[in-house]
Amino acid sequence: MRRSALVTGASRGIGRAIAAALAREGWPVCVNYLERRDTAGELVRELRDQGRAAMAVQADVSDREAVENMVRAASEELGPVELLVNNAGISHQGLFQDLDDGDWDRLLAVNLTGPRNAIGAVLPHMLSGKRGCIINVSSVWGLRGGSCETAYAVTKAGIIGLTRSLALELAPSGIRVNCVAPGCVETDMVRRLGEETRSMLVEETPLGRLGRPEDIAEAAAFLASEKAAFITGQVLTADGGFTV
């Protein structure tokens, strides 16, 4: 039966690695991007060269209509979306008292409303078929909080609440909902913090290194697989021991 996976924010970093890992597992993959059409297209070409089915679709996840159109396009070309990975997200560093309304609203719109929009768009098919898998990407900051990243941590804590609540609500319909909480991963988001902060994060990670996008991708691929068929409502922390 035709079916597909949708990974939001998949043009680079963790999302790109997740899309590639799912494609290797045999999933036709829709690569969502906001601005980086070049890198999204590059990934799709790579996957197609490997004999995988893939497409790229531009959409701002905070725009409900755009997300619905994206899911419709993916379903028509690749098959109904039965695996959703909510990875798209933005960060913000700075003191809480300096956070303006625009930054606050945008963080909530992308990091929380975005997953809500994507889940809402794929649920009708999943509910009718009584199967499906949703994986949300949170963060260790959503578990322990983050100084000077309060708004970001709030949204990532919200993702965990969304995961656990939806897992209970959707379990009777055979739909699993889980979450991956990455630690400090070698991505553009971490590089923007500067070399001094990066070195400090390495020192605070018991395994002595930052994570690789592929580390998180393998965790997501496991949760998407039949090996995790009896797992729902869980937060899989992939952080090198950062939160131990």
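The values are calculated or read from the model by the stated rules, or taken from the named source; none is laboratory data. Keep in mind the model is a prediction, meaning the values are calculated, not measured. Cβ sites come from the backbone with ideal geometry, for glycine too, and all protein chains shown count toward neighbours. Quick note on the areas: whole protein, heavy atoms, side chains included, nothing else; ligands and nucleic acids left out. Shrake-Rupley method; radii C 1.70, N 1.55, O 1.52, S 1.80 Å.
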query: Once the dipole of the chain is set up with Lys and Arg at +1 and Asp and Glu at -1 on Cβ about the Cα centre, which of 206, 181, 236 lies farthest towards its positive end?
result: 236
- request: Using θ = phi - 60° and the Karplus relation 6.51 cos²θ - 1.76 cosθ + 1.60, list the HN-Hα couplings for the range 93-98 in order, rounded to whole Hz, with x at every Gly or Pro.
  value: 10, x, 5, 4, 6, 9
query: Across the range 185-193, in residue order, what do the Karplus-derived ³J(HN,Hα) couplings come to in whole Hz, using 6.51 cos²θ - 1.76 cosθ + 1.60 with θ = phi - 60° and x for Gly and Pro?
result: 10, 6, 9, 4, 4, 6, 4, 5, 6
- request: Report the FRET efficiency, 1/(1 + (r/R0)^6), for residue 63 and residue 100, where r is their Cβ-Cβ distance and R0 is 22 Å, rounded to 0.05.
  value: 0.55
Cα-based helix-to-principal-axis angle, 37-49 vs the chain, degrees rounded to 10: 50 degrees
- prompt: Which whole-number percent is the relative contact order of the chain (Cα, under 8 Å, 6+ apart)?
  reply: 20 percent
- prompt: According to the Kirkwood expression over distinct Cα-Cα pairs, how big is the hydrodynamic radius of the range 50-154, in Å?
  reply: 15.2 Å
- request: For the chain, set up a Gaussian network in which alpha carbons nearer than 10 Å are linked by springs, and say which option among 123, 143, 95 fluctuates the most.
  value: 95
field: Charge dipole magnitude, Cβ of K and R +1, D and E -1 - the range 73-137, Cα centre, debye nearest 20
entry: 460 debye
- line: Most fluctuating of 139, 62, 165 in the GNM of the chain (C-alpha, under 10 Å) is 165
- prompt: How large, in Å, is the range 1-104 by the Kirkwood hydrodynamic radius built from its alpha-carbon pairs?
  reply: 14.2 Å
- prompt: Between the helical axis of 150-170 and the dominant principal axis of the chain, each derived from Cα atoms, what acute angle in degrees is found, rounded to the nearest 10?
  reply: 30 degrees
query: Just how far, in whole angstrom, is the range 64-87 from the range 167-244 if you go by their alpha carbon centroids?
result: 23 Å
query: Out of 224, 157, 171, any idea which swings most in a Gaussian network model of the chain, alpha carbons joined below 10 Å?
result: 171
message: Can you tell me, using C-alpha contacts under 8 Å and at least 6 residues apart, the relative contact order of the range 148-217 as a whole percent?
response: 25 percent
- request: Evaluate the charge dipole of the chain about its Cα centre and quote only its size in Debye, nearest 20, assuming +1 on the Cβ of each Lys and Arg and -1 on the Cβ of each Asp and Glu.
  value: 900 debye
task: Show that you can apply the helix-only estimate: for the chain, add -39,500 (n - 2.57) for every DSSP H stretch of four or more residues, divide by all residues, and state [θ] at 222 nm to the nearest 500.
output: -14500 deg cm²/dmol
- prompt: Amide H to amide H, which residues 5 or more places from residue 31 or on other chains are under 5 Å from it, using H placed in the peptide plane?
  reply: 55, 56, 57
- request: State the percentage of accessible surface on the range 162-241 attributable to carbon and sulfur atoms; use a 1.4 Å probe and exclude ligands, DNA and RNA.
  value: 55 percent
- request: When you have a sec, figure out the Kirkwood radius of the range 128-197 from all distinct Cα pair distances and drop it here in Å to one decimal?
  value: 13.5 Å
- request: State, as an integer percentage, the relative contact order of the range 1-108 based on alpha-carbon contacts under 8 Å between residues 6 or more apart.
  value: 32 percent
field: Hz values of 3J(HN,Hα) by residue in the range 53-68 - Karplus curve (6.51, -1.76, 1.60), Gly and Pro given as x
entry: 8, 7, 8, 10, 9, 7, 6, 7, 5, 6, 9, 4, 5, 5, 5, 4
query: Roughly what angle does helix 13-24 make with the longest principal axis of the chain, taking Cα atoms, 0 to 90 degrees, to the nearest 10?
result: 30 degrees
statement: Among 93, 150, 125, the residue whose Cα sits farthest towards the positive end of the charge dipole of the range 66-156 (+1 at Cβ of Lys and Arg, -1 at Cβ of Asp and Glu, taken about the Cα centre) is 125
task: Kindly report the accessible area of the chain per residue (heavy atoms of protein chains, probe 1.4 Å, no ligands, DNA or RNA), in Å².
output: 47 Å²
- prompt: When DSSP beta bridges are limited to those with both residues in the range 130-244, what percentage is antiparallel, rounded to the nearest 5?
  reply: 0 percent
